[in-house]
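Chemist: Dumping the structure here so I can ask a few things about it.
The values are calculated or read from the model by the stated rules, or taken from the named source; none is laboratory data. Computed from a predicted structure; not experimentally measured. Neighbour counts run over all protein chains shown; Cβ positions are idealised from the backbone, glycine included. Ligands, DNA and RNA are excluded from the accessible area calculation, which covers all protein heavy atoms including side chains. Shrake-Rupley method; radii C 1.70, N 1.55, O 1.52, S 1.80 Å.
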Amino acid sequence: MLEIFITHRLLLFVEASRATMIIIRTFLFFLVIMATTKIALMEEQTYIIHMDKTKITDSDHQQYYQAVIDSITKLSSQEEEEENKTPTPQLLYIYETAISGFAAKLSTNQLKSLNQVDGFLFATPDELLSLHTTHTPQFLGLQNGKGLWSASNSASDVIVGLVDTGIWPEHVSFQDSGMSRVPSRWKGTCEEGTRFSFSNCNKKLIGARAFVQGYEAIVGRVNETVDYRSPRDSNGHGTHTASTAAGNFVNQASLFGLAKGSASGMKYTARIAAYKACWTLGCANSDVMAAIESAVADGVDILSLSLGGVSKPYYKDNIAIASFGAIQHGVSVSCSAGNSGPSRSSVSNAAPWIMTVAASYSDRSFPTAVKLGDGQIFEGSSLYSGKKTKQLPLVYNRTAGSQGAEYCFEGSLVKKLVKGKIVVCEGGIYSRTGVGEKVKKAGGAGMLLLNSEDEGEELLADAHILPATSLGASAAKAIRKYVGSAKKPSALIVFQGTVYGNTAPVMAALSSRGPNSAGPDVIKPDVTAPGVDILAAWPPNISPSMLESDNRSVLFNIISGTSMSCPHVSGLASLLKSVHRDWSPAAIKSALMTTAYTLNNKGAPIADIGSTSTSKSATPFAFGSGHVDPENAADPGLVYDITAEDYLFYLCSLSYNSSQIALFSSGVNFTCPKNAVLQPGDLNYPSFSVLFSKDARNMSVTYKRAVKNVGKIPSTYAVQVKEPTGVSVTVEPRSLGFKKMGEKLSYKVSFVALGGPTLTNSSFGTLTWVSGKYRVGSPIAVTWL
């Protein structure tokens, strides 16, 4: 109160001389600085605290961490004035399975006091992360009654855990008709909360939990008029991803008759456990960590996370740390690569033990035809299910309203100018369906939504509430020119329904790209899978456009993103797990990577909508090893296996210190070898990332690899190499002979830089081991730094 009193008294002198005022302002500024500093020291923030498991002296972790809290409270209080003491922090979560530590709300002084606690490793401020199929099983080569979908492989004891926005438990995709009893090894539960009870779980949806303490510490209590304080999904995202990975077989699924067919998850007989850690404004890192921790302890086999933040060093990346704990317990972890493409080095969730999934188009689309008054015709994309429009007047920018009308800003469109007409809108400000909402409110009869140059030719379909279509950048340029030059511009939109047989796969521009800024010695993403215009389950109380003004109710919706491609791969991993129960997460990942393909259904290289190169061909920085091929992955011939200790040696090669290593070692007394020569490129990864300096000439690096035979015996593999431009590649030995199952053989690869960097500072090749039907492929990416 002292600062307030002094400030009030000083303000009485406002009529003083200029000199006096300068003094007063200076003093006021000084007081503000003092108050701000004091507030900063007192201000609380949620932190995720990582502790060295080997230093924990009490088997009761709740009691131990409460003692830590008491200790730092006492230490920090000695530095604070009596009247300014902050309240004792409350433990939000205790982590003891996937990671070791806790989450709590601490003041700056309390955080500093942690440095005096034995076993304290690292603290990271909590943050909000963002959320990043009727036809896709067939596109992926899965057929009912055959291969991975045969009766012998349909055992339902595999458990897929999804960390997301929750689930709509009553959906037909999650019914348990005909399913056997819940596996006895399952330790999870069904938590009750708002509109969610224990009875909402069944033999299909065997577990559901909600984690909200971290989110509420940042944002405030959940508004239960817009969200459920329970595992129930109020967004749709979690229901969609859960059904994509492991939803039931549902006949006659569609969205307004579009994409009509039998919908199913990749492993439709798997069990589902839903962990809600994402809420209206995002996903708190501390809640995500608690969800992973709980999922591993509950007994999931596969973890799927369609969320993430920006790329950062692994020791600062809580998802990387927690997922490492998961794989140590035999749990495979798949994460979305992010939706920040096609920007270079935008990929997230890039730790080598995570399966990082990019997004691509399948051969199904929802095209539109836009015919201009001068006869020009352009193809777009839309999920609007009504009839075609008439040839209507076309308005844009100043002919549609006031300043901002080109973006169709709220209030910028003038009703008398747009009523009964098709409005041209630039995208990128509102959601795509949200722009259409603005047009409809102003009386518009239709909308053309134009891509920017940065968005390129990406065509994403949306469930618009009026006749509308999105259009690529080249069409957008022509339409702007036409509207600006024609005396009476007009347009007609034709909605062509569902079309199959397009050239596919094609990399989506939205999909985040490598190289991996957190660890450029590992190619990321790892693989690509269908992620554009994916139809899957949807809560009936959420409109397909996600607009409040839209009262349509659907059971299935079509949305896009790496959030959609990730659960495809999670489901495929569960298929492989059901066939190969003894395979490690690294072996499952290797099988999916080494059998991925890089040619489209027309026999040409997979294209990239986001590419600026003249060839438009995708590279490993877009699709990793290629597009997943599950049937071949079930019988890959060879696998590159990696142990937890191998990953720790890899972290040693990155020059991580002992405290940073301890974040991952989970209580094991691991020390980096002092005299060993370690290089990141020796991690037994199923791909090769080679780094050269730009002035490198005849510089060479040699990497080691080991492969395990999981195919036929006896067998001999011969190597085939496609060298990257400017680099020679030598493999020793050039053949590998296996005499028994599980046998491991090693080889070395030497890369020599023959000249300077290419125009893009990157070049690509492949290394493939071939034996009969088996082709065990690895991409090579060379980067000049």
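Chemist: Tell me, what is the per residue accessible area of the chain in Å², probe radius 1.4 Å?
Modeler: Computed with neighbouring chains in place, this is 40 Å² per residue.
Chemist: Here's another thing I want to ask about it. Using a Förster distance of 41 angstrom, determine the FRET efficiency expected from the C-beta separation of residue 297 and residue 541, and round it to 0.05.
Modeler: 0.80
Chemist: Once you've got the Cα coordinates, tell me which of 187/589; 477/616; 387/416; 187/577 are over 22 Å apart.
Modeler: In this structure, 187/589; 387/416 exceed 22 Å between Cα atoms.
Chemist: Quick check: from the Cα gyration tensor, does the chain come out rounded (a/c under 1.5), prolate or oblate?
Modeler: Here the chain falls in the rounded category.
Chemist: Taking the Cα centre of the chain as origin, sum charge times position over the Cβ atoms of Lys and Arg (+1) and Asp and Glu (-1), and report the length of that vector in debye to the nearest 20.
Modeler: 2640
Chemist: With both bridge residues required to lie in the range 654-783, what share of the DSSP beta bridges run antiparallel, to the nearest 5%?
Modeler: In the range 654-783, DSSP labels about 90 percent of beta bridges as antiparallel.
Chemist: OK, next. Determine the gain in length on full extension of the stretch residue 693-residue 552; use 0.36 nm per residue of separation and subtract their C-alpha separation, reporting nm with one decimal.
Modeler: Full extension from residue 693 to residue 552 adds 45.1 nm.
Chemist: Mind checking which of 627, 663, 686 is farthest towards the positive end of the range 623-705's charge dipole, using Cβ charges of +1 (Lys, Arg) and -1 (Asp, Glu) about the Cα centre?
Modeler: 663
Chemist: Using only the heavy atoms of the protein chains and a 1.4 Å probe, how would 658, 763 rank by accessible area, largest first?
Modeler: 658, 763
Chemist: For the range 628-722, what class follows from the C-alpha gyration tensor (a ≥ b ≥ c being the square roots of its eigenvalues): rounded when a/c is under 1.5, otherwise prolate if a/b is larger than b/c, else oblate?
Modeler: Here the range 628-722 falls in the oblate category.
Chemist: Using DSSP to define loop residues, name the GluC sites (Glu not before Pro) in the range 454-554 whose beta-carbon has at most 14 other beta-carbon atoms within 10 Å.
Modeler: Those that pass, being in a loop and sparsely packed, are 548.
Chemist: While we're on this one: Which links in 53/524; 53/740; 441/488; 146/602 stretch past 28 Å when you go from one Cα to the other?
Modeler: Beyond 28 Å: 53/524; 53/740.
Chemist: Now for a different question. Among bridges DSSP assigns within the chain, what percent are antiparallel (round to 5)?
Modeler: DSSP beta bridges in the chain are roughly 65 percent antiparallel.
Chemist: Cα gyration tensor of the range 259-308, axes a ≥ b ≥ c as square roots of the eigenvalues: rounded (a/c below 1.5), prolate (a/b > b/c) or oblate?
Modeler: Oblate, because a/c is 1.5 or more while a/b does not exceed b/c.
Chemist: I've got another one for you. When all protein chains stay in place, what accessible area (Å², nearest 10, 1.4 Å probe) is found for residue 381?
Modeler: 10
Chemist: Right, something else. Can you give the FRET efficiency to the nearest 0.05 for residue 746 and residue 616, using r as the Cβ-Cβ distance and R₀ = 25 Å?
Modeler: 0.05
Chemist: Starting from the 7 Å offset along Cα-to-Cβ, what nm value, one decimal, do you get for the label separation of residue 761 and residue 700?
Modeler: 2.7
Chemist: Calculate how many DSSP beta bridges within the range 229-341 are antiparallel, expressed in % of all such bridges and rounded to the nearest 5.
Modeler: Given both bridge residues lie in the range 229-341, the antiparallel proportion sits at roughly 55 percent.
Chemist: Next question, about the same structure. Please list, by residue number, everything in the range 381-410 whose backbone N is under 14 Å from a paramagnetic label point 7 Å out along Cα→Cβ of residue 494.
Modeler: Under cut-off, by backbone N: 387-391.
Chemist: Could you tally the net charge around residue 720, taking each other residue with its Cβ under 14 Å from the Cβ of residue 720, Lys/Arg +1 and Asp/Glu -1?
Modeler: +2
Chemist: When the chain is fully extended, how far beyond the present Cα-Cα distance does residue 679 get from residue 487, taking 0.36 nm per residue of separation?
Modeler: 62.4 nm
Chemist: Quick one: how many Å² of residue 713 are accessible to a 1.4 Å probe, rounded to 10?
Modeler: Using a 1.4 Å probe on the heavy atoms, I get roughly 90 Å².
Chemist: Mind checking the full-extension length gain between residue 669 and residue 430? Use 0.36 nm per residue of separation minus the Cα-Cα distance, one decimal, nm.
Modeler: Fully extending the segment from residue 669 to residue 430 adds 80.9 nm.
Chemist: Once every DSSP H run of n ≥ 4 in the chain is given -39500 (n - 2.57) and the sum is divided by its residues, what mean residue ellipticity at 222 nm do you get, rounded to the nearest 500 deg cm²/dmol?
Modeler: Using -39500 (n - 2.57) per qualifying helix, the result is -7000 deg cm²/dmol.
Chemist: May I ask you to give the percent of accessible area on the chain that is carbon plus sulfur, with a probe radius of 1.4 Å?
Modeler: So the carbon and sulfur contribution to the accessible surface is 53 percent.
Chemist: Rounded to whole Å, give me the distance from the Cα center of the range 330-378 to that of the range 175-209.
Modeler: 33
Chemist: Can you pull out the cysteines in the chain that have no other Cys Cβ under 4.7 Å?
Modeler: So far as the 4.7 Å Cβ criterion goes, 335, 566 stand without a partner in the chain.
Chemist: In what sequence, largest accessible area first, do 371, 739, 53 appear using a 1.4 Å probe?
Modeler: The ranking, largest first, comes out as 739, 371, 53.
Chemist: Still on this structure, I have one more. Ignoring ligands, DNA and RNA, how do 654, 394 rank by accessible area with a 1.4 Å probe, largest first?
Modeler: Sorted descending by solvent-accessible area, the residues read 654, 394.
Chemist: Within straight cross-link reach of residue 712, meaning Cα distance under 19 Å, which aspartates and glutamates are found once same-chain residues fewer than 8 apart are removed?
Modeler: Hits, sequence-local ones excluded: 582, 631, 635, 641, 743.
Chemist: Using a 7 Å offset from the Cα along the Cα-to-Cβ direction at both residue 316 and residue 635, what is the distance between the two label points in nm, to one decimal?
Modeler: Spacing of the two 7 Å Cα→Cβ label points: 4.8 nm.
Chemist: Sticking with this one: For the pair residue 721 and residue 181, how long in nm is the line joining their label points, each one 7 Å along Cα→Cβ?
Modeler: 5.7
Chemist: Could you state how much accessible area residue 187 has, in square angstrom rounded to the nearest 10, with a 1.4 Å probe and all protein chains kept in place?
Modeler: 150
Chemist: I want the local charge near residue 65. Using Cβ-Cβ distances under 11 Å, sum +1 for each Lys or Arg and -1 for each Asp or Glu among the other residues.
Modeler: In short, -4.
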